[in-house]
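The values are calculated or read from the model by the stated rules, or taken from the named source; none is laboratory data. Keep in mind that what you see is a predicted model, and the values were worked out from it rather than measured. Using ideal geometry, Cβ is built from the backbone for each residue, glycine included, and neighbour counts are taken over all protein chains shown. Side chains are part of the model used for accessible areas, which takes the heavy atoms of the whole protein and leaves out ligands, DNA and RNA. Shrake-Rupley method; radii C 1.70, N 1.55, O 1.52, S 1.80 Å.
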Amino acid sequence: MTCPYDVLLSRLQSAFDHVVVGADPVLRPSDRGDYQANGIMALAKSQGMAPREMAQRVLDVLDLSGVAEVEVAGPGFLNLTLTSEYLDETLRALLDDERLGVATLTPRTAVIDYSAPNVAKEMHVGHLRSTVIGDALARIYRFRGYSVVARSHVGDWGTPFGMLIEHLVDLGEATAMAALSIGDLDGFYRAARVKFESDEDFRERSRQRVVSLQGGDPETRRLWQILVDESVAYFAEVYSALDVTLTPDDVVGESYYNDMLDAVVTDLDAAGLLVESAGALCVFPEGFTNREGEPLPLIVKKSDEGFGYAATDLAAIRDRVDHLHADELLYVVGAPQSQHFEMVFAVARAAGWLPAALRCEHVAFGNVLGPDRKMFKTRSGETIKLIDLLDEATERAEAALVQRSQDLSPEQRHQLATQIARAAIKYADLSNDRQRDYVFDLERMIAFEGDTGPYLQYAHARLRSIFRRLGTAWDPRAARFSLGADAERDLARGLIAFPEAVDAAMATLHPHRLSGYLFELAQRFTTFYEACPVLSAPEPSRTERLALCDLTARTLRLGLSLLGIEAPEQM
Ligand code: ARG
């Protein structure tokens with residue numbers, strides 16, 4: 001089915017285009033009517049015409065028959081109100097449509113780089129953001145028919161591995177593995193660091209280890225693999241606790257690109273882009289300067305012969321474009337790495353590795369702050385473990401459920417609390433504009449009221465409870481939408497706008513466009529539910545209202561699932 005927004009837009013487009021070739025309308029939801037079309041004023045201006053006159057010209061060729069009533073407002077806005085017949089038709093089509101009006105797109109391949117923690121280091125809240133945002137985008141893309149290749153670009157290479165391997169040797173493999181598998185990655189890392197700083201002999205051994213690692217010494221490689229495997233297994237536990245779709249196959253660490261790094265250098269050189277500067281091999285992409293106005297280098301190979309973070313990212317671009325056949329590349333990484341990505345993209349473009357038509361974007365996000373509005377850390381200044389946050393959220397949800405739902409078994413309660421906790425944490429992250437910082441406030445996030453994940457889950461569960469109390473069967477096919485009450489019409493208007501919200505989230509890579517929509521829909525439902533009795537209403541109202549409830553429940557459920565949030569039947 002085609003959603004009303006698309007129908008209106010395409011009809012407007014042909015009218016605008018008829019009047020002035022290439023002219024584009026802008027269509028927005030509006031409280032005057034259902035939508036408002038802009039663009040006439042700009043058009044009038046460009047043609048030296050009065051806006052009202054231009055509006056008339058558009059109206060003369062605009063065919064909205066059977067879809068909407070139109071009215072010119074102000075100096076040239078078109079207010080569009082969907083007709084009752086068209087709303088009825090649309091809602092009935094939605095009842096029959098599993099996708100709730102969301103179209104599938106031409107299949108393309110998107111490589112989404114997200115999560116990317118570091119081996120032998122705890123996942124911190126920055127990785128939480130990357131994981132949660134990246135996973136929501138991956139789900140939205142898949143739902144639209146894209147094939148998504150997830151890439152968790154874990155830091156698994158570099159000089160610290162010398163000291164980490166030596167520490168592993170000192171501890172003995174069994175002890176080291178036990179320490180890592182209980183998830184004390186930071187403890188392990190810190191202990192290695194302390195020795196590295198205080199013990200000359202250890203330092204020397206660590207240096208030699210780096211050389212053996214880079215030289216491909218089999219025993220060193222085996223030890224390194226232990227660190228990688230234990231860490232990746234631990235990350236997988238966190239992902240499953242969070243209900244994130246990443247699998248161990250999606251973990252493709254920096255080391256994977258090692259064999260491709262020489263070619264990066266050779267090919268950059270052949271393209272005439274490589275410059276030696278202070279002993280390092282660099283590219284100076286056009287348009288990047290430091291504060292003093294000097295050209296800024298992207299360091300590909302350092303003077304000590306080591307390849308840098310940027311070289312790996314360049315190799316990864318080539319791999320993703322050439323071997324994974326990406327049509328789109330997304331990097332869900334914190335805002336501090338903006339310049340890194342801009343420069344890497346610029347160099348890849350200059351080298352001809354990134355076709356111009358390929359969408360390549362850094363999906364940047366802000367920080368998670370503590371209650372003091374500083375970086376979110378424990379009191380002693382350590383990074384906060386994701387898994388601890390989740391456990392605390394689950395405990396709180398369980399306590400709340402003890403008060404609310406008496407008839408749950410302890411297992412059911414725990415299961416439900418887990419779903420609520422994940423929803424609370426994910427939704428708090430996704431409902432904020434990703435580019436801004438947000439304050440991690442568990443109390444607020446887990447509340448059943450307000451703009452929270454649990455609130456939306458609860459709205460869904462309330463809807464489902466209506467159907468449990470149904471008594472007599474109802475027939476969705478008998479539903480006719482006359483939408484006599486304002487609250488009914490408002491809810492209907494919310495329901496038909498779901499495809500727009502999914503579109504907007506995908507086009508802007510801002511999941512909060514979808515979460516904001518869902519929150520508004522839940523509010524429309526609350527108003528409706530207060531104003532309009534459902535089960536006790538006489539027919540045909542009862543069937544009509546049940547159908548609205550059914551659509552609302554399904555929209556909330558599908559919308560939440562695209563954000564990676566479950567919608568329990570009962571709460
Ligand atoms: N491991 C890096 C970090 O923790 C993030 C990697 C992001 N992805 C990339 N392709 N550079 O900061």
- Note on the structure: Reported set for segment 554-571 where residues are within 15 Å of the chain's Cα centre (by Cα) and crowded, with 21+ Cβ neighbours inside 10 Å is G559, L560, L562, L563, G564, I565
- Please name all residue pairs, on different chains or six or more residues apart, with Cβ atoms under 9 Å, provided the first residue is in segment 86-99 and is polar (S, T, N, Q) and the second residue is surrounded by 21 or more Cβ atoms within 10 Å (Cβ to Cβ) and in a helix (DSSP H, G or I). T90/P4; T90/A492; T90/L495; T90/I496
- Note on the structure: Exactly one of E488, E500 is open to solvent by 20 Å² or more (accessible area, probe 1.4 Å) and either aromatic (F, W, Y) or touching a Cys at 6+ places or on another chain (Cβ under 8 Å) (or both), and that residue is E500
- Could you please let me know if R291 is open to solvent by 10 Å² or more (accessible area, probe 1.4 Å), away from the ligand (no atom under 16 Å from the Cβ) and not hydrophobic (A, V, I, L, M, F, W, C)? yes
- Meets criteria (surrounded by 22 or more Cβ atoms within 10 Å (Cβ to Cβ) and of a type outside the set (V, I, T)) for S212: no
- Got a number for residues in segment 150-171 being touching a Leu at 6+ places or on another chain (Cβ under 9 Å) and within 13 Å of the ligand (Cβ to nearest atom)? 5
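For the structure I just gave you, tell me whether A116 is open to solvent by less than 50 Å² (accessible area, probe 1.4 Å), at pLDDT 95 or above, within 11 Å of the ligand (Cβ to nearest atom) and not in a strand (DSSP E or B). If you could, list the steps in order and put the result at the bottom.
Working: open to solvent by less than 50 Å² (accessible area, probe 1.4 Å): yes; at pLDDT 95 or above: yes; within 11 Å of the ligand (Cβ to nearest atom): yes; not in a strand (DSSP E or B): yes.
Considered against the rule, which asks whether it is open to solvent by less than 50 Å² (accessible area, probe 1.4 Å), at pLDDT 95 or above, within 11 Å of the ligand (Cβ to nearest atom) and not in a strand (DSSP E or B), A116 comes out as yes.
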- When only residues in segment 132-147 that are touching a Gly at 6+ places or on another chain (Cβ under 9 Å) and away from the ligand (no atom under 16 Å from the Cβ) count, which is nearest to L509 (Cα to Cα)? A136
- Odd one out for L242, checked against (1) over 15 Å from D313 (Cα atoms); (2) free of Cβ contacts under 8 Å to residues at least 12 places away in the same chain: (2)
- Message: Let me confirm something: among R129, R99, which residue is within 16 Å of the ligand (Cβ to nearest atom) and either buried (at least 22 other Cβ atoms within 10 Å of the Cβ) or assigned to a loop (DSSP other than H, G, I, E, B) (or both)?
- Response: R129
- Message: So, T90, is that one within 26 Å of M506 (Cβ to Cβ), polar (S, T, N, Q), more than 15 Å from the ligand (Cβ to nearest atom) and part of a helix (DSSP H, G or I) or not?
- Response: yes
- Task: For segment 383-427, enumerate the residues that are in contact (Cβ under 8 Å) with a residue 24 or more places away in the chain and open to solvent by 90 Å² or more (accessible area, probe 1.4 Å).
- Result: R404
